[in-house]
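Just so you know, all these numbers are worked out from the coordinates, no wet-lab data involved. Note that the structure is a prediction, hence the values are computed from the model and not measured. Reconstructed Cβ throughout: ideal geometry from the backbone, glycine too, with neighbour counts over all protein chains shown.
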Amino acid sequence: MFSRWFRGGTESGRLSTRLLILVPVLAGVVFALAWLGEANAGLLMPFILGGSQSAPAATPPWSDPPTHIELFAPVANAAYHSPIDVVGLSRTFEGQVGIRLLDSEGEVLAERSAIGGAADGFDFFHNYVRFTVTGTVTGTVEVFETSAKDGSIITETVVPVTLLPGQRAVDLNMPVVGATLCNVIGISGYSNTFEATVGVDLRQRNGDIITQSTAMGGNLGIYADFNLAFSLPITQAEPILVSAHDTSAATGEPVDVATVPIALYPPGSEQCP
């Protein structure tokens, strides 16, 4: 009966019927959008417009780590002059990340904080700590999250380091922490190293070396700029650690290792059209 009535009748009658059906539908849509709120209304719009929901954006190459704090710098058991850069990926209460530098006796030499990711997801954090020592000292860098309830430490990463007197030999200026780059990685900094040589590495997230080279900066107490470019053929987005360092003339071990996490995308991707 309804179908016969809907198809029949005058034009004005059919129009009135359409309006009787459409108005409640529109009212329901308005109510739904108001209930969802601005942040979630986009979930409903494809269905309102008659299409299917589009596929989500590509997952960034830096997936969430298994713990609240993943630390990339400083590197465990490496030697550092002041200051020491502290770089990582975190998700903590209000984004707060505590940083503390202690000597072998447990005395606090420096204490700071950084801002990483919070309730909305993981994000990179970056800060540095300065210190003063008169000789070689064994120390630890502690990076931690504290409880919002009582201030106790609930997540902590502890990295043993060797502290050296004087100022650091290598500043890594580019790329910056969390940069998105397209295939060619431009690296630049400011250095005063043994024989003017700066070691530069590209590493996987787990620290394994992908490729390495050297650049020339300053030496004999004179700081100078260094520059280098890597071309790394890839077919999909990759998380990459860019590292630059001095080398000890006495032991051959890396000194003042600077590490920066970046996202590298291949040509032709949405990020690198």
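Tabulated results
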item	result
Region 73-87 versus region 218-273: alpha-carbon centroid distance in Å	16
Alpha carbon convex hull of region 180-273, volume per residue in cubic angstrom	86
By average C-beta atoms within 10 angstrom, highest first, the peptides 180-189, 246-255, 131-140	180-189, 246-255, 131-140
For residue 180, net neighbour charge (Lys/Arg +1, Asp/Glu -1) across residues whose Cβ lies under 12 Å away	-2
Net charge, residue 189 excluded, C-beta distance under 12 Å - Lys, Arg +1, Asp, Glu -1	-4
Region 191-273, relative contact order [Cα under 8 Å, separation at least 6], %	28
Dipole of region 169-273, positive end: most advanced residue of 193, 269, 218 [Cβ charges, Cα centre]	269
Shape call, region 139-183: gyration tensor on alpha carbons, a/c limit 1.5	oblate
Radius 12 Å from Cβ of residue 158, net charge of other residues (Lys, Arg +1; Asp, Glu -1)	-1
Neighbour-limited loop hits for trypsin sites (Lys or Arg not before Pro), region 77-158 (at most 14 other Cβ within 10 Å; DSSP other than H, G, I, E, B)	130, 149
Length-normalised contact order for region 59-166 - Cα pairs under 8 Å, 6+ apart - percent	31
Principal axis dimensions, region 59-166 - Cα atoms, whole angstrom, descending	45, 34, 18
Difference of contour (0.36 nm per residue) and Cα-Cα distance, residue 213 to residue 195	5.0 nm
